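The values are calculated or read from the model by the stated rules, or taken from the named source; none is laboratory data. No experiment lies behind these values; they were computed from the predicted model shown. Neighbour counts are summed over all protein chains in view; Cβ atoms, including those assigned to glycine, are modelled from backbone coordinates with ideal geometry. Just the protein is used for accessible areas: all its heavy atoms, side chains included, with ligands, DNA and RNA removed. Shrake-Rupley method; radii C 1.70, N 1.55, O 1.52, S 1.80 Å.
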Amino acid sequence: MAWDSLQMYSNGLDFFGEVVDAVPADGWGRPSPCAGWTALDVLGHVGAATAMGAAILAGEPVEFNRVDPPGGAVTGDPGTWWAQVEAAARDAATSVDDLDRVVDSPRGPRTIEEGLSFPAADLFLHGWDIAAATGRRVEIPGEAVDFIHGMFKDMPAEIYRGPGIFGPEVHAGHGASATDKLIAFTGRDPHFGS
């Protein structure tokens, strides 16, 4: 059964949290598939976006403050920091009673369904990034792969191919898994860290 954006988000929090929990203490400084970012930078990026999303869902005012590098947003132990961000996101998600409700976002008014789609996809894609940075292979669930492909099916490539989004698609290789094909679609090397 296909996931809606709330299911995708909730399952993404699970997926991302499991990846974070498996990172060794010395793994946070390792390079990630995101050019110029370490695993800690990926965590900081996802955590900042997740905290902002939780505030939007809770109806709180949102200010976006970019931290460069993104790992600078992480305070204290990375796993503990993420657990606090994740708990707030779960609390905010449980308050969602209507995916068609319109909320204010940094990109203007959007339905919750629309607003959660990209953050939910990021939890899976960036979870894969952190796992790859630390030498692990993870498979993204088929429902999440389908959801992410569906997001871009009818969108012109010039909207999502460029700096800060996705690079040019790369070849996934012979016998590639659904996860490898998705990662290659996003411009990442599906064999990074292997």
Can you give me the ranges of the helices (runs of 4 or more DSSP H) entirely in the range 82-194 with at least 2 residues that are closer than 23 Å to residue 45 by Cβ, open to solvent by less than 30 Å² (accessible area, probe 1.4 Å) and at pLDDT 90 or above? 112-133, 142-152, 178-185
Limited to the range 31-50, what total is found for residues that are touching a helix residue (DSSP H, G or I) at 6+ places or on another chain (Cβ under 7 Å) and farther than 15 Å from residue 72 by Cα? 5
Is it true that some residue in the range 4-22 is surrounded by 20 or more Cβ atoms within 10 Å (Cβ to Cβ) and more than 14 Å from the chain's Cα centre (by Cα)? no
Is it the case that the range 71-80 has a residue that's within 23 Å of residue 113 (Cβ to Cβ), outside any helix (DSSP H, G or I) and among the acidic types (Asp, Glu)? no
